[in-house]
Amino acid sequence: MTPKERQVLDFISQYWKDHRYGPTYDEIATDIGLASKSGISRITKSLIAQGHLISTPKRARSLRLPDANSTPLRIAATLVLSSITNENLETNSATVSASAICLLELAMNQFNNPLPKEAA
């Protein structure tokens, strides 16, 4: 995780504690000192892909940290499903492919690193 990603994650975490809903890209940009929302978009997409954030597509202020029920596998599955359900699948095929690969990698890691016997 980059220092900027850590800053964004910490800001969103604190914002949630204070407001019980997510910040806007403008609020994040102001807090960490970035001039453009595109930079915030890139950082948040990276954090979502890494499983550190969750966002509901096409919903304002939906950035949040995953809860205890949000496993990386569930997050990846949500990314795949949200990409597939978009109206124009052709324009989102790269997103679907990347999300599907991420989901498969997470699933393979899950099978290669099973839970300890106490947790099973």
Exercise. How high is the FRET efficiency between residue 65 and residue 36 when r is their beta carbon distance and R₀ equals 35 Å, given to the nearest 0.05?
Worked result: 0.90
Problem set entry | q = 0.14, 0.21, 0.31 Å⁻¹, segment 3-49: log10 I(q)/I(0) [Debye, one scatterer per Cα] | -0.28, -0.63, -1.27
For this session: Using the Karplus curve 6.51 cos²θ - 1.76 cosθ + 1.60 with θ = phi - 60°, work out ³J(HN,Hα) for each residue of segment 17-22 in order, rounded to whole Hz, and write x for Gly and Pro.
Result: 4, 7, 10, 6, 8, x
Exercise. Segment 3-39: which chymotrypsin sites (Phe, Trp or Tyr not before Pro) are DSSP loop and have at most 13 other beta-carbon atoms within 10 angstrom?
Worked result: 21
Exercise. Of 17/37; 37/58; 4/45, which pairs sit farther than 20 Å apart, going by alpha carbon to alpha carbon?
Worked result: 17/37
For this session: Please list 37-44, 53-60 highest first by mean number of surrounding beta-carbon atoms within 10 Å per residue.
Result: 37-44, 53-60
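None of the figures in this text is laboratory data; all of them are computed from the coordinates on show. Quantities reported herein were computed from a predicted structural model and do not represent experimental measurements. Cβ sites come from the backbone with ideal geometry, for glycine too, and all protein chains shown count toward neighbours.
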